[in-house]
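The values are calculated or read from the model by the stated rules, or taken from the named source; none is laboratory data. What you see is a predicted model; the values in this text were computed from it and never measured. Here the Cβ positions follow ideal geometry from the backbone for every residue, glycine too, while neighbour counts run over all protein chains shown. Side chains included, ligands, DNA and RNA excluded: accessible areas come from the protein's heavy atoms. Shrake-Rupley method; radii C 1.70, N 1.55, O 1.52, S 1.80 Å.
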Amino acid sequence: MAALIAENFRFLSLFFKSKDVMIFNGLVALGTVGSEELFSVVAFNCPCSPARNYIYGLAAIGVPALALFLIGVIWNNHTWNLVAECHKRGTKNFSAAATFLLFGSIMGRASVAPITWSVISLLRGEAYICALSEFVKPSSLDKFPAEYGAEVLAKFPCRDVPANLTKFRDEVTRRLRYESQLFGWLLIGIVAVLIFLTKCLKHCCSPLSYRQEAYWAQYRSNEDKLFRRTAEVHSRILAAKNVKQFFGFVALDKEEKELVQEFPVEGVQPSPQWNAITGVYIYRENKGFPLYSRLHKWAKGVEGNGPTPEGHELLFLAS
């Protein structure tokens, strides 16, 4: 159990530290596969009862997928940037295309884990067999005894059937597993095509060259990393000053003393500055020069969020 917990924490650490979209999605998919395997071994237990099998089988596929989708939405920075944008500025500065791009980005990233869960569940076939075994028509089974009906078919996933029905159970299981895996492979194909078309559309509609887009991605990553690191140090120094003012002294370790001496903190940033660098950002240019983030825009002293006579708005969202 300790090893499993350690692995989960290691996965979460990689999950949050990953900056590349492909690595990020790959980690999500691998984590989902591991969780689905664990669920199948530990938690999945078909009731093998008419009317219950269907509900349980669909719930085993759909409910975890829904939970993973909601978690993906919650963990996406675009979600909270959108909330902040709507709260502070409304959506008056958003065009229909920008809104579509934003929601597409949120939904697409959040769909990685639930789609992976659904695909693995379908390829395994256990939940599908549990859900639909009772709906197999006895007439479709050659020489199936007439005295048996849906109640016996519902018990096929549990192998709790009379000896004379073993061959029918194997046939039903094989047939349903075939259908389940077929749907799983079709889902993989559809998702792959959609990803390909989305990537093509993104690069075709992008106002940036490939190299500038790569630079923008590096800038966002570095800005976020430096901002978080600086904010952590700033908040620690400010907290130390306030604690010292209250108690008359503050217990700092060697590293913290060096930070306090090296970086004097006089106060905190006013709320208007925080609001200016928080929210959804769409790539813009000002007098021909790119503005790569809200922080970059604030540092350059560019006012407003919409296009101006001196600025040019290009509808391209950060991925």
**Fill in**
Of the residues in segment 175-206, those that are surrounded by 14 or more Cβ atoms within 10 Å (Cβ to Cβ) and at pLDDT below 85 come to Lys202, Ser206
**Item:** Residue in segment 56-69 that is farthest from Asp160 (Cα to Cα), counting only those that are open to solvent by 40 Å² or more (accessible area, probe 1.4 Å) and in contact (Cβ under 8 Å) with a residue 12 or more places away in the chain
**Value:** Phe69
**Prompt:** Restricting the search to segment 246-280, which residues are assigned to a loop (DSSP other than H, G, I, E, B) and more than 36 Å from the chain's Cα centre (by Cα)?
**Reply:** Gly248, Phe249, Val250, Ala251, Leu252, Asp253, Phe263, Pro264, Val265, Glu266, Gly267
**Request:** Please give the number of the condition Tyr148 fails out of (1) of a type in the set (Ser, Thr, Tyr); (2) surrounded by 13 or more Cβ atoms within 10 Å (Cβ to Cβ); (3) assigned to a helix (DSSP H, G or I).
**Result:** (3)
**Request:** Answer yes if at least one residue in segment 249-269 is touching a Leu at 6+ places or on another chain (Cβ under 6 Å) and either under 28 Å from Trp80 (Cβ atoms) or open to solvent by 90 Å² or more (accessible area, probe 1.4 Å) (or both), and no otherwise.
**Result:** yes
**Message:** If the requirement is being within 30 Å of Trp80 (Cα to Cα), crowded, with 21+ Cβ neighbours inside 10 Å and not small (Gly, Ala, Ser), which of these qualifies: Pro114, Pro157?
**Reply:** Pro114
**Message:** Looking at segment 219-241, I want the residues that are assigned by the TED database to the domain that holds Tyr292 and have a partner that is surrounded by 12 or more Cβ atoms within 10 Å (Cβ to Cβ) and among the β-branched types (Val, Ile, Thr) with Cβ atoms under 7 Å, at least 6 apart or on another chain. Which pairs are those?
**Reply:** His234/Val265; Ile237/Val260; Ile237/Val265; Leu238/Val265; Ala240/Val250; Ala240/Val260; Lys241/Val265
**Asked** Are there any pairs with C-beta distances below 9 angstrom linking a residue in segment 127-143 that is of a type in the set (Ser, Thr, Tyr) to a residue that is not in a helix (DSSP H, G or I), with the two at least 6 apart or on different chains, and if so which?
**Response** Ser133/Cys46; Ser133/Cys48; Ser133/Ala154; Ser133/Lys155
**Tabulated pairs, segment 251-262, first assigned by the TED database to the domain that holds Ile237 and within 16 Å of Thr230 (Cβ to Cβ), second assigned to a loop (DSSP other than H, G, I, E, B) and open to solvent by less than 100 Å² (accessible area, probe 1.4 Å), C-beta under 7 angstrom, 6+ apart or interchain** = Val260/Leu252
